[in-house]
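Undergrad: I have a structure I would like to understand better, so I am pasting it below and will then ask my questions one at a time.
Every number here is computed from the coordinates shown, using simple stated rules; none is lab data. Owing to the predicted nature of the structure, the values given are computational and were not obtained by experimental measurement. Methodologically, a virtual Cβ is constructed for each residue, glycine included, from the backbone with ideal geometry; neighbour enumeration extends over all protein chains shown.
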């Protein structure tokens, strides 16, 4: 059983989507693993289903999550993603309701419940403030707040969106962790989000489209640690 469902902050989510697979994914995962240790940060990685086992076996500190799963039970369901199967492959959690893989509210609720039953983390994506509030009532472990229109644009959400979504979610369940994402393209973006008091942020295209993925991992995770620490130092000095 997960002794503590709360992932110790700061943490980061790297979503390869369908940009990377096979040996290239494993090589990047090994780099992420090393850099995560260097800066003492946690990193969630969501590889292709076919790479879950290999990435989990090749790394020690990465939190491997499935990109999606379906709420079906063992049995019939051709083409579906069985929760027990991704867990058996090495996934410790699952991402749900991404803009590219949306779920109905009833299926989302069922998936969160299945994840909890299997002792897997659930990280659920939300778009608007209203959606974030609705999802908070389902009590996932982590909510990703990212305006859909900003995903992959290199433009981050404004500070008001980040503050209001964080406050609204925490007012419903203070145990839910919040990842403020969308448009994170470099270390400066990461630092800016963390200086607003976030526990986490993440990216896909910022790393996947970089000419030097390893160097960008280093840049972003170092900024994650620095931003998290600087924000707390500033709070202590107030």
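Undergrad: Can you put 24, 13, 236, 116 in order of Cβ neighbours within 10 angstrom, beginning with the fewest?
TA: On the way: 24 13, 13 23, 236 7, 116 16.
Going from sparsest to densest Cβ surroundings: 236, 24, 116, 13.
Undergrad: When a footprinting reagent is the concern and you count Cβ atoms within 10 Å, what order do 14, 26, 172 take, fewest first?
TA: On the way: 14 24, 26 18, 172 14.
The fewest-first ordering by Cβ neighbours comes to 172, 26, 14.
Undergrad: Still on this structure, please answer the following. Taking the Cα-to-Cβ direction at residue 232 and at residue 137 and moving 7 Å from each Cα, how far apart do the two end points lie in nm?
TA: Here the answer is 3.4 nm between the modelled labels.
Undergrad: Also, I was wondering about something else. Taking 30 Å as R0, compute the FRET efficiency from the Cβ-Cβ separation of residue 40 and residue 175 and round it to 0.05. It would help to have the intermediate numbers written out before the result.
TA: Values: r = 23 Å, r/R0 = 0.75.
After rounding to 0.05, the efficiency reads 0.85.
Undergrad: Separate question: Using only the Cα atoms of the chain, what are the Rg and Dmax in Å?
TA: 16.7, 58
Undergrad: What ranking of 65, 11 emerges when the number of other C-beta atoms within 10 Å of each C-beta is taken as an exposure proxy, fewest first?
TA: Least crowded to most crowded, the residues run 11, 65.
Undergrad: Now a separate question. Points 7 angstrom from Cα along the Cβ direction at residue 58 and residue 106: gap in nanometres?
TA: 4.1
Undergrad: Oh, and also: Restricting to Cα pairs below 8 Å that are 6+ residues apart, what does the relative contact order work out to for the range 1-126? Please round to a whole percent. Could the numbers behind the result be given before it?
TA: Values: 211 pairs, mean separation 26.6, N = 126.
Here the relative contact order equals 21 percent.
Undergrad: Mind telling me which of 75, 202, 15 comes out most flexible in a GNM of the chain, alpha-carbon contacts under 10 Å?
TA: Residue with maximal mean-square fluctuation among 75, 202, 15: 75.
Undergrad: Label-point separation (nm) for residue 129 and residue 117, each offset 7 Å from Cα along Cα-to-Cβ?
TA: 3.6
Undergrad: Can I ask one more? Between the range 84-134 and the range 27-57, how many Å separate their Cα centres?
TA: For the range 84-134 versus the range 27-57, the Cα centre distance is 20 Å.
Undergrad: Find the relative contact order for the chain and round it to a whole percent, using C-alpha pairs within less than 8 Å whose residues are 6+ positions apart. Numbers along the way, then the final one.
TA: Working: 464 pairs, mean separation 44.2, N = 238.
19 percent.
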